């Protein structure tokens, strides 16, 4: 009987050990599941952060690429629009000389001289054709007489006392030209200092 009891006790102990083992195993499994779940959650969160970062970088890259394309398109447009700048600037001297030739003809010249009359008409036609050709390529002259002096588009050659108010342009020595919206050559002007005051 003693032996039987010993055996029973032993079996009880074994059963308790097994139950404890099963409990530990279940507890370990739960802990492991929790750890796996926690590590999976951490991994998912980490991947979400990385995805958001990559999306942000992609959007920035796309925006940079779009800005670069727009800047490149504008440069190409400006280059084609202002490509004739140097040629136009050189041709302005020709236009100035034609204008001077027309202005140098005295008013008292006889209109009866057909050769001279035809020469004047020819010079005026050439000047007009040159200005029109420049205009077709975006080169335009701007008026300065009776305008307020603007240092961005005018170059003051001198100042004189005049009945016009101070700061107004009274004489234009050389026409000013723009190419598109940019200044090609400033107008050389004489600016009024206002009426002369007597002391």
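Quick note: the coordinates plus some simple rules give every number you see, no bench work behind them. Quick caveat, the model's predicted, so the values are computed rather than measured. Using ideal geometry, Cβ is built from the backbone for each residue, glycine included, and neighbour counts are taken over all protein chains shown.
Annotations
- Fewest-first ranking of 197, 140, using other Cβ atoms within 10 Å as the exposure measure: 197, 140
- Candidates 183, 119, 15, ranked by Gaussian network fluctuation over the chain, Cα under 10 Å, top entry: 15
- Two-decimal Rg/Rh across segment 82-192, once Rg and the Kirkwood Rh are taken from alpha-carbon atoms: 1.04
- Neighbour counting of Cβ atoms within 10 Å sorts the residues 76, 179, fewest neighbours leading, into 76, 179.
- Projected over all directions and averaged, the alpha-carbon convex hull of segment 34-134 occupies 9.5 nm².
- The Kirkwood hydrodynamic radius of the chain, based on inverse pair distances between different Cα atoms, is 26.1 Å.
- When the helices of the chain are scored as -39500 (n - 2.57) per DSSP H run of n ≥ 4 and the total is divided over every residue, the value at 222 nm lands at -22500 deg cm²/dmol.
- Residue ranges 62-68, 186-192 sort as 186-192, 62-68 when ordered by packing (mean number of other C-beta atoms within 10 Å per residue, highest first).
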